[in-house]
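Contents: one structure, followed by commentary.
The values are calculated or read from the model by the stated rules, or taken from the named source; none is laboratory data. On a predicted model such as this, the values are computed, not experimentally measured, just so you know. All Cβ positions, even for glycine, are placed from backbone atoms using ideal geometry, and neighbour counts span all protein chains on display. Please note that ligands, DNA and RNA were not included when accessible areas were found on the heavy atoms of the full protein model with its side chains. Shrake-Rupley method; radii C 1.70, N 1.55, O 1.52, S 1.80 Å.
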Amino acid sequence: MIKIGVIGYIASGDDQGKYVKIQELPDDPPSYLVLTAADREFMAEGGDEWVEDEDSLRQFFEEARWIIEWDKG
């Protein structure tokens, strides 16, 4: 499950050991910004990727082979 607006820890796959957060952009239909960083505050060694829709977001996660431990809340 991909959670929007929730910080997750990348436990496995590309970028293992980093954190991820997905932001939904106000497009119609929504597009997404995938933020990654080495720290939970997203201040160090980070990057971002834009994906055009929900299907592209799922494909992005599959290609990265990410297993995410999402924060509770």
Quick one: net charge of TYR9's neighbours, Cβ under 10 Å, K/R +1, D/E -1? 0
Could you work out the relative contact order of the chain? I mean the mean sequence separation of Cα pairs under 8 Å and 6+ apart, divided by the number of residues, in percent. 34 percent
Given a 1.4 Å probe and every protein chain left where it sits, what share in percent of the accessible area of the chain is carbon and sulfur? 46 percent
State which stretch of the chain is the longest one without any exposed GluC sites (Glu not before Pro), exposure meaning a DSSP loop state and at most 16 other Cβ atoms within 10 Å. 1-40
C-alpha long axis of helix 54-64 to longest principal axis of the chain, angle in °: 30 degrees
Karplus couplings for the range 32-46 from phi (6.51 cos²θ - 1.76 cosθ + 1.60, θ = phi - 60°), rounded to Hz, Gly and Pro as x? 9, 10, 9, 9, 10, 6, 7, 10, 5, 8, 6, 10, 10, 6, x
Around GLY46: net Lys/Arg minus Asp/Glu count, Cβ-Cβ under 14 Å: -3
Loop trypsin sites (Lys or Arg not before Pro), the chain (other Cβ atoms within 10 Å of the site Cβ: 15 or fewer; DSSP): LYS3, ARG40, ARG65, LYS72
